[in-house]
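Asks: For reference, the structure I am asking about is given below.
Rule-based calculations on the coordinates, nothing more; no lab input. This structure is a prediction, so every number in the text was calculated from the model and none was measured. When we count neighbours, we look across all protein chains shown, and the Cβ atoms used for this are built from the backbone with ideal geometry, even at glycine.
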Amino acid sequence: MGRNCGGGGMSRKIEKRAEAEVSGYFRKLMRDLESPREVRRFGNGWFAGFFALLFSIAGFFLVIALRFPEWFATPELEIVKEWSGFRTLVHGVLLASYSLALLSLLLRPRKVLGVSALVIGIGAALLGGANVQPEETNSWGIFFGLDFFIVNLLVTGLMFAPFERLFPHRREQRLFRNEWREDLFYFLVSTMFVQILTFLTLAPSTIINANTNSWEAFRAGVADLPWLVQFVIVLVASDFLQYWYHRLFHQVPFLWGFHAIHHSAKSMDWLAGSRMHLIEVVLLRMVTSLPLFTLGFSPSVMQAYLGFIYVWSSLLHANVGGDFDRLGHWLATPRFHHWHHGLEQEAFDVNFAIHFPWIDKLFGTFHLPKGRWPKDYGIPEDVPRSYLKQMAYPWTRKPKDQE
Ligand SMILES: [Zn+2]
Ligand SMILES: [Zn+2]
């Protein structure tokens, strides 16, 4: 009996110890990722370690996606996976991760980046590597676009991270800046549920389309317009709807509780735009896609718009400089949207448009002082930091009098 009790205490101790080890390890990893630019000069193994980690994670999830196709498969990515070069690509990604990890271990006194990349890479190899065969699985009906998340993150990151480096607004801001983990989580959630989001987004349009037959001639007329004309009409129509939707979320206190999450970002970069309450995302896409899906635009216009809006909103939030004093009056630029996120008084309730600043001019909310940028970003209220608390924020928030 005595031994049993002692054993229980011992295993609890080991458990606690393991827990402390794991959290200590993650702290180390995060600290190394977030290390300031001065201490990660070229040649000290930080970049090798970072890219080793990136490639090993990407490779790991690609192997998982190949092994358990039913869990992860995003239908749109099937074509990619069936492409004959796909496995070679996965192989290349894993090889690159091994060699970079070794390079980082050689160059860098801190080993945490290189070791992590190596362990994840070996994990991918143990799962079968690039030649992995699909496991026989029962379809659980679970849909997680984890593969889509990885592809999306790589594509968007490889597009914007160098762009921000070359044309920065704030040169001192790092890729792993304050609260990057929170924003990455938002990015993960919104891309993982892309299928569910798309379904919800389309629901109102589907209902309208099913109940209106008299528009057929009109829709056919729209589909006959030149491609570019259709695209521009979509941009203008959706931005008009978006403008009023956005303004409403700033003015109605309960709705502001949702939108405050988006404005709680204190640093602006391509990832910061992902920070948005899930309910707001769904409603926003429902509203802005109404004209798109009900007025008869051709499918290629719709696809182009959906891809475009994604890149566009990353660009608007990006840490990219350039004043664009003239262009900024007609076409939304990063500085135009950065003013929307400004912490100072003059930045409150301005620049609601996403594509066309002249919509703000039309309704008297335009603000683009020549050559100036906001000093700080955020809002003068305390938004909780954890994801779940942010989801609950519209209901837990205590409205202030001054708003
Ligand atoms: Zn806003
Ligand atoms: Zn924004």
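Asks: Return the distance in nm (one decimal) between the two label points of a simple spin-label model at S11 and D224, each offset 7 Å from Cα along Cα→Cβ.
Replies: Here the answer is 7.7 nm between the modelled labels.
Asks: Return one number: the angle in degrees, 0 to 90 and rounded to the nearest 10, between the long axis of the Cα atoms of helix 180-192 and the longest principal axis of the Cα atoms of the chain.
Replies: That works out to roughly 70 degrees.
Asks: Where Lys and Arg each count +1 and Asp and Glu each count -1, what net charge lies around D239 among other residues with Cβ under 15 Å from its Cβ?
Replies: The answer is +2.
Asks: Summing Lys, Arg as +1 and Asp, Glu as -1, what charge do residues with Cβ under 11 Å from the Cβ of N131 carry, N131 excluded?
Replies: Net charge around N131: +2.
Asks: Rounded to whole Hz and in sequence order, give me ³J(HN,Hα) for region 21-26 from the Karplus expression 6.51 cos²θ - 1.76 cosθ + 1.60, θ = phi - 60°, writing x for Gly and Pro.
Replies: Going residue by residue, I get 4, 4, 5, x, 4, 5 Hz, with x marking Gly and Pro.
Asks: Could I ask something else about it? Which pairs, out of K361/K398; K111/K375; K28/K375; K266/K370; K28/K266, put more than 28 Å between their alpha-carbon atoms?
Replies: K361/K398; K111/K375; K28/K375
Asks: Follow-up question, since we're still on this one. Using modelled backbone amide H atoms (1.01 Å from N, in-plane), which distant-in-sequence or interchain residues come within less than 5 Å of V320's amide H?
Replies: H169
Asks: Please compute the length gained on full extension between E34 and Y387, using 0.36 nm multiplied by the number of residues separating them and subtracting their Cα-Cα distance.
Replies: Gain on extension, E34 to Y387, equals 125.0 nm.
Asks: Ok, one more. Helix 387-396 against the longest principal axis of the chain: what's the angle in degrees, Cα atoms only, rounded to the nearest 10?
Replies: In the chain, helix 387-396 runs at an angle near 40 degrees to the longest axis.
Asks: Let me ask you something else. Using a Gaussian network for the chain with springs between C-alpha atoms less than 10 Å apart, which of these wobbles most: Q390, Q173, Q345?
Replies: Q345
Asks: Return the calculated 222 nm mean residue ellipticity for the chain, to the nearest 500 deg cm²/dmol, obtained by summing -39500 (n - 2.57) across DSSP H runs with n ≥ 4 and dividing by the residue count.
Replies: After summing the helix terms and dividing by the residues of the chain, the value is -20500 deg cm²/dmol.
Asks: What residues qualify as long-range amide H neighbours of Y377, i.e. H under 5 Å apart, gap of 5 or more or another chain, H built at 1.01 Å from N?
Replies: Here L343 satisfy the definition.
Asks: Pairwise over distinct Cα atoms, reciprocal of the mean inverse distance: report the Kirkwood radius of the chain in Å, one decimal place.
Replies: 23.9
Asks: Related question: Can you sort M159, M10 from fewest to most other Cβ atoms within 10 Å of each residue's own Cβ?
Replies: M10, M159
Asks: Gain in length, K361 to A217, computed as 0.36 nm per residue apart minus the alpha-carbon separation, to one decimal in nm?
Replies: Computed gain between K361 and A217 is 48.4 nm.
Asks: Same structure, new question: Step through the residues of region 228-236 one at a time and calculate ³J(HN,Hα) from phi using the Karplus curve (6.51 cos²θ - 1.76 cosθ + 1.60, θ = phi - 60°), rounding each to whole Hz and writing x for Gly and Pro.
Replies: 5, 4, 4, 4, 5, 4, 4, 4, 5
Asks: Now for a different question. Using the alpha-carbon atoms, what tilt in degrees (0 to 90, nearest 10) does helix 253-263 show relative to the longest principal axis of the chain?
Replies: 60
Asks: Among rounded, prolate and oblate, which fits region 356-403 when a ≥ b ≥ c are the square roots of the eigenvalues of its C-alpha gyration tensor, a/c under 1.5 means rounded, and a/b larger than b/c means prolate?
Replies: It comes out prolate by the Cα gyration axes.
Asks: Given the options S298, S190, S11, state which has the largest fluctuation in a GNM of the chain using a 10 Å cut-off (strictly under) for Cα springs.
Replies: Taking springs between Cα atoms under 10 Å, the residue moving most is S11.
Asks: So, one more: Based only on other Cβ atoms within 10 Å, what is the fewest-to-most ordering of S56, S35, S84?
Replies: S84, S35, S56
Asks: How far, in nm, would the chain grow between K375 and W395 when pulled straight, counting 0.36 nm per residue and subtracting the alpha carbon separation?
Replies: Stretched out fully, the K375 to W395 stretch lengthens by 4.2 nm.
Asks: Name the shape class, rounded, prolate or oblate, that the alpha-carbon gyration tensor gives for region 194-396, where a ≥ b ≥ c are the square roots of its eigenvalues, rounded holds for a/c under 1.5, and otherwise prolate holds if a/b is larger than b/c and oblate otherwise.
Replies: oblate
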